[in-house]
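A.B. asks: Sharing a structure with you now.
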Amino acid sequence: MASGELDGDFAALIAELAAFRNDRLQRQPSDRTLAKAAGVRPATVGDWLCGVRFPQQLDPLLRLVRAVRVQAERAGLSGDPAMASLFDEQRWRDAYEVEARRRANATRTHTQAGQARTVLEDMRPGRPLAEVTDPFQLEVHRAIDIGEEMNLPPLPLYVPRQHDRRLRKVVERAAPGTSSIAVLVGGSATGKTRACWEALNLLRDRDEPWRLWHPIDPTRPDAALADLKRVRPYTVVWLNDAQFYLAGATLGERVAAGLRELLRDPQRGPVLVLATLWPDHWDALTAHTGPDNHAQARELLVGHGIRVPDAFTGSDLEALAERIDQDPRLHEAAQNATDGQITQYLTGVPVLMDRYTHAPPATKALIHAAMDARRLGAGPHLPLALLAAAAPGYLTDTERELTGTGWLERALDYVTKPCNGIPGILIPVKAGAPHNQRNRRAGTGPTPPSASGQGPLYRLADYLEQHGRRTRAEEIPPVDFWAAASTHALLADQAALGHAALDRGLYRDAAQLLKNAAAQGDPSSGAALVSLMHGVHPTDHRAAHWAVTHALLSDPSGVAWLLDGLARVGAVEQVAAMVARDPAAEADLSDPFGAAWLLGGLARVGAVEQVAVLAGQAAAEVSLADPSGVARLLGGLAEVGADEQVAAMIARDPAAEADLSNPFGVARLLDGLARVGADEQVAVLANRLPPTGRFATFMKLADHKERFRFGREPDGSPAEPWSWDDLW
């Protein structure tokens, strides 16, 4: 085979695309049009489609594929079954990577191998750490500006504190080869992200070149899921504001599970995960209360938190005093910050608060709308249309009469004005594709909510967001806010805002928002909508029909909640319609908790055949790493009488696969194994505990308390009796 010739699935895909364009689209788009879309020369397009040249970058090729797909849709071929496979971008990525690896391993020419290795390096998520030189791209806060004439560096001189020393140990453990995670936990503007930025310096001059991956597009959890499996050794995974990645009960748990697998996979290490969280988000993700919606996140985080104090105290202030002559910004902060809140002062909080306090009524109304949207569950990116439509409801009649035309422009000018060199109260969200991020694979779940068609987006300054959570906790927004939310809030925020309205007794507003969320495929919102409408109009099943019609089946726990909700309100026909859609065949079984919930939901509505199908699939496919999830699924299988599937799951040896880092989860699995009579598995799991330092859990089993009264020997046998006299 000639060095430029293609092979395998990639060659077949190229040939299929060329034939589709030639035969079905009459050679449209032209080579020139495709070249413009891809950003290459027309001759290059011809070489690609003839299979005589391998594209050196994936993105231009994907743009070409999209251009052909658009032409096919215009020609009315969108219903052609062949199109789904031909234009599946994940299939193109996979085939491209396989071909690139084949070329990297080939020895026919050094040139071809070198080019292919370059392609593979470019396909790794992230950027070389040597190219990561702008801290603000990684969301480090800007500091106060005391004048351009000083010619100061972008960031003030750094003053290391105790949390930096703890973080340094984590990074130094990762640098030579041990995958590690550090989660900096502290309030807004306390220096969490800056500490992570400074820690990167420990990796910049290593012999092994590190990369940094900051997944953000199209949404943070979707971006993380899209490329987690492609992360390779010597990568820093940057998760600033980690709640955006981990908080979702479905996507967040999948991200957490993927990160856990990455950290424990020796073939992909070393990697370093650097994350930041506010304390309330840490508590929400690590507490175990009620439904265990964050089991994977808790396993990922617990034991790896590093507290960042709100203020400089004691030795920190002494270290600051030694440096204030080296940077005038530190001097100003030391002179003016109250209660030792040095970093907060440096990032302009006093100016922000002053501008908020003295804002004109219409401007403050806009700010209050943003505060309320965030504290009630909306994401960080707020559409201007939402804020503008909601703001008039916060004004008194007199204030409304005095507000002249052009108030919105004046308000925006006020809230977006930078404060001492840092962004203002509301920060415009800039459009544009980030570097080295991949599109999500089409067809694997609900389309992520996006800002397309929503107009300008703004983000509320962190400190004012926290201030709003404290000071407006007992405020219920006016009618205009809820009307604006149902019309203008991002699709991803409709469910959270709907539940917020429901929790405050605003049933009509809640119903509209939940209806909107259910229309996007969220079965959990559909379940809440069904329950709400039944309480208001018990005989009207239109909400049930709406929820069933629109529910996506890939969310097993959500589908289970919807089935239960339909059954509770007596929506028999809708239950049957939901079962007829065959949720067992569509369920995402990556999470054993979700599989168990769906199993129970189907059993409770009498879907016997689907229970049997799901039981078999779950027993064979679910991950065995999460001991709590495996215990819950074993219990669920036993509850529906799936004894054969219980046996099949036991045969997969969950005791040997379980992650032992969470004692609570291990205890649940031990109990679950005992309940289904898997005594050998109980023994296997029990014997794994002492070597990992969990002898206390081991002692709670069977007769261990008496047998191992004097402890254990290194070989696992009970220790011989001993007394004080045996000590020296």
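A.B. asks: Counting Lys and Arg as +1 and Asp and Glu as -1, what is the net charge of the other residues whose Cβ lies under 10 Å from the Cβ of T250?
C.D. replies: That works out to -4.
A.B. asks: Another question, if that's okay. Report the trypsin sites (Lys or Arg not before Pro) located in region 189-222 that are in a DSSP loop and have at most 14 other Cβ atoms inside 10 Å of their Cβ, or state none.
C.D. replies: Qualifying residues, ordered by number: R206.
A.B. asks: For the pair R323/C50, report the inter-label distance in nm, with labels modelled 7 Å from Cα in the Cβ direction.
C.D. replies: 6.2 nm
A.B. asks: Next question. Quick one: work out the % antiparallel among DSSP beta bridges in the chain, nearest 5.
C.D. replies: Within the chain, antiparallel bridges account for around 35 percent of the total.
A.B. asks: Which distance in Å, rounded to a whole number, links the C-alpha centroids of region 62-90 and region 546-567?
C.D. replies: Centre-to-centre (Cα) distance: 31 Å.
A.B. asks: For the residues C50, C419, what sequence is obtained by ranking on other C-beta atoms within 10 Å, fewest first?
C.D. replies: Details: C50 12, C419 21.
The order, fewest Cβ neighbours first, is C50, C419.
A.B. asks: How large is the Rg to Rh ratio of region 689-728 when both quantities use alpha carbon positions and Rh follows Kirkwood? Show your work: numbers first, answer last.
C.D. replies: On the way: Rg = 11.0 Å, Rh = 10.9 Å.
Across region 689-728, the Cα-based Rg/Rh ratio is 1.00.
A.B. asks: List every residue whose amide H lies under 5 Å from the amide H of L212, counting only residues 5 or more places away in sequence or on a different chain, with H placed 1.01 Å from N in the peptide plane.
C.D. replies: Correct list: R127, L129, V236.
A.B. asks: Rank W210, Y158, S525 by how far each Cα sits towards the positive end of the charge dipole of the chain (+1 on Lys, Arg Cβ; -1 on Asp, Glu Cβ) and give me just the farthest.
C.D. replies: So the residue furthest toward the plus end is W210.
A.B. asks: OK, next. What distance in nm separates the simple spin-label points at H304 and R41, each placed 7 Å from Cα in the Cβ direction?
C.D. replies: If labels sit at H304 and R41, their model points lie 4.8 nm apart.
A.B. asks: Determine how many Å³ per residue the convex hull of the Cα atoms of region 507-652 encloses.
C.D. replies: About 95 Å³ per residue, rounded to a whole number.
A.B. asks: Which peptide among 576-584, 595-603, 688-696, 513-521 comes first, and what is the full order, when sorted by highest mean count of other Cβ atoms within 10 Å?
C.D. replies: Ranking the peptides 576-584, 595-603, 688-696, 513-521 by packing returns 595-603, 513-521, 576-584, 688-696.
A.B. asks: Spelling out what I want: for every residue of region 718-727, take phi, set θ = phi - 60°, compute 6.51 cos²θ - 1.76 cosθ + 1.60 (Karplus), and round to whole Hz; glycine and proline get x.
C.D. replies: Whole-Hz 3J(HN,Hα) from phi for region 718-727: x, 6, 5, x, 8, 9, 4, 5, 7, 8.
A.B. asks: Hey, another quick one. If you place +1 on the Cβ of every Lys and Arg and -1 on the Cβ of every Asp and Glu, how big does the dipole about the Cα centre of the chain come out, in debye to the nearest 20? If you can, show how the numbers build up before the last one.
C.D. replies: Values: 77 positive and 91 negative charges, 292 e Å.
Here the size comes out at about 1400 debye.
A.B. asks: Which of I650, I14, I425 has the fewest other C-beta atoms within 10 Å, and how do the rest follow up to the most? Could you put the intermediate results ahead of the total?
C.D. replies: Details: I650 18, I14 21, I425 25.
So the ranking, lowest neighbour count to highest, is I650, I14, I425.
A.B. asks: What is the ratio of the Cα radius of gyration of the chain to 2.2 N^0.38 Å, where N is its residue count, to two decimals?
C.D. replies: Ratio of Cα Rg to 2.2 N^0.38 Å: 1.07.
A.B. asks: Based only on Cα atoms, what mean projected area does the convex hull of region 144-185 have, in nm²?
C.D. replies: Over all viewing directions, region 144-185 projects a mean Cα-hull area of 4.5 nm².
A.B. asks: Ordered by residue, what ³J(HN,Hα) values in Hz, to whole numbers, does region 582-596 give under the Karplus form 6.51 cos²θ - 1.76 cosθ + 1.60, where θ = phi - 60° and Gly and Pro are x?
C.D. replies: Once rounded to whole Hz, the list reads 6, x, 4, 6, 9, 5, 7, 9, 5, 10, x, 4, x, 4, 5.
A.B. asks: For L184, list long-range residues whose amide hydrogen, built 1.01 Å from N in the peptide plane, is under 5 Å from its own amide hydrogen.
C.D. replies: Those lying under 5 Å, H to H, from L184 are A275, T276, L277, I306.
A.B. asks: In addition: Take the alpha carbon gyration tensor of region 483-551, find the square roots of its eigenvalues, order them as a ≥ b ≥ c, and report rounded if a/c is under 1.5; if not, report prolate when a/b exceeds b/c, else oblate.
C.D. replies: oblate
A.B. asks: In Å, what Kirkwood hydrodynamic radius results for region 135-307 from the alpha-carbon pair distances?
C.D. replies: Result for region 135-307, one decimal place: 16.7 Å.
A.B. asks: In whole Hz and in residue order, list the ³J(HN,Hα) couplings for region 196-201 that follow from phi through the Karplus curve 6.51 cos²θ - 1.76 cosθ + 1.60, θ = phi - 60°; x for Gly and Pro.
C.D. replies: Going residue by residue, I get 5, 4, 5, 5, 4, 4 Hz, with x marking Gly and Pro.
Since every read-out is calculated from the coordinates, none of them should be taken as a lab result. Just so it is clear, the structure is predicted and the values come from calculations on it, not from any experiment. All Cβ positions, glycine included, derive from the backbone under ideal geometry; neighbour counts span all protein chains shown.
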